[in-house]
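Report on the following structure.
The values are calculated or read from the model by the stated rules, or taken from the named source; none is laboratory data. Everything numeric in this text was worked out from a predicted model, so none of it was measured. Glycine gets a Cβ as well: all are built from the backbone with ideal geometry, and neighbour counts include every protein chain shown. We work out accessible area using only protein heavy atoms, side chains counted, and drop any ligands, DNA or RNA first. Shrake-Rupley method; radii C 1.70, N 1.55, O 1.52, S 1.80 Å.
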Amino acid sequence: MSRRAQALSLARAVMGRLGRHDLVLLAAGLTFFAMIAVVPLLLVALWATGLLIGSEQLAVLFQRLLAYAPESLGFRDRLASLAEIGSSLSLLAFVAALVPATSYGEGLVRAFDRLAEEESRAKGVRGRLLSLLLLAVLPLLVLTGLAAVATLPDLLGFGPFAQVLGVYLTFLVCWAAATALLAVTYRWFSPVTLDWRPLLWGAASTGSFLSGMSLGWVLVLRFGVSVGRAYGGSALAGQLVLFAIYLYLVQAVCLVGFGLTLELVERRRRPQGD
């Protein structure tokens, strides 16, 4: 079988798996958990990163990041506020944030069980415990991303060619970070054991798409968009909807990537000739 035929066969198998379980509904359900968890998750990750490098150094790195954040819709101010709160989080607030932050793990377990067509027990408890492991990985990824944003401009300069090269290198850094995070997430939250080779292929393919989509989203926002008009002139309502759409797209891509990984694992285990 040619590579093209293999790719088409794999695509049909993935779409068949996703079609049996209503990807739109699964992504919407996972988005609900993500909306609950995303802010406390970021606060916990920033707090832990501050413990690793110090709150002052974290503030310096985050200020460099804010220079690239979109000015439209108040994103820059909200990111700055989030960084300030996260770096000064008290121990009690940290413990309190763990409750909503780990709810995303529960959503992942439920969605992955459905796609893998396996049922695991104690979904809520299992998902939240696994989320604690995921939280241990996040500070390293946050630190990698912040360090890349802080150092790339000084290394490359600010000319047109340097800016294009900077975007490309940022894409590569985000791709690597997304691949690592997806590989860990798929491996830990899957109800079935995933072999490492197809797991890395699935995570890398999904990570490249997520990285490109996220960079494109940021570039679009930097041009400025007016979404409040569709909601009675309320800029806040427009911001929330725009953020929810982005979160939904991220969940949909992650679920497609997990379906791809499952199919790659099954094909690797399938006897030759079947």
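Of note:
- Taking the criterion of being over 18 Å from residue 144 (Cα atoms), at pLDDT below 75 and small (Gly, Ala, Ser), the residues of region 49-99 that qualify are 72, 74, 80, 81.
- Inclusion of residue 252 among residues that are open to solvent by less than 60 Å² (accessible area, probe 1.4 Å) and modelled with pLDDT under 80 is not warranted.
- Here region 1-36 is the region considered, the condition is being closer than 14 Å to residue 106 by Cα and among the β-branched types (Val, Ile, Thr), and the residue that is modelled with the highest pLDDT is 31.
- Residue in region 37-48 that is out of contact with any Phe, Trp or Tyr (no Cβ under 8 Å at 6 or more places or on another chain), open to solvent by 60 Å² or more (accessible area, probe 1.4 Å) and at pLDDT 70 or above present: yes
- Test set (1) of a type outside the set (Gly, Ala, Ser); (2) under 28 Å from residue 15 (Cβ atoms); (3) modelled with pLDDT under 75 - residue 156 fails condition number: (2)
- Scanning region 167-212 for residues that are of a type in the set (Val, Ile, Thr) and without any contact (Cβ under 8 Å) to a residue 60 or more places away in the chain turns up 167, 170, 173, 179, 184, 193, 206.
- Residues in region 162-170 include at least one that is modelled with pLDDT of 70 or more, buried (at least 17 other Cβ atoms within 10 Å of the Cβ) and part of a helix (DSSP H, G or I).
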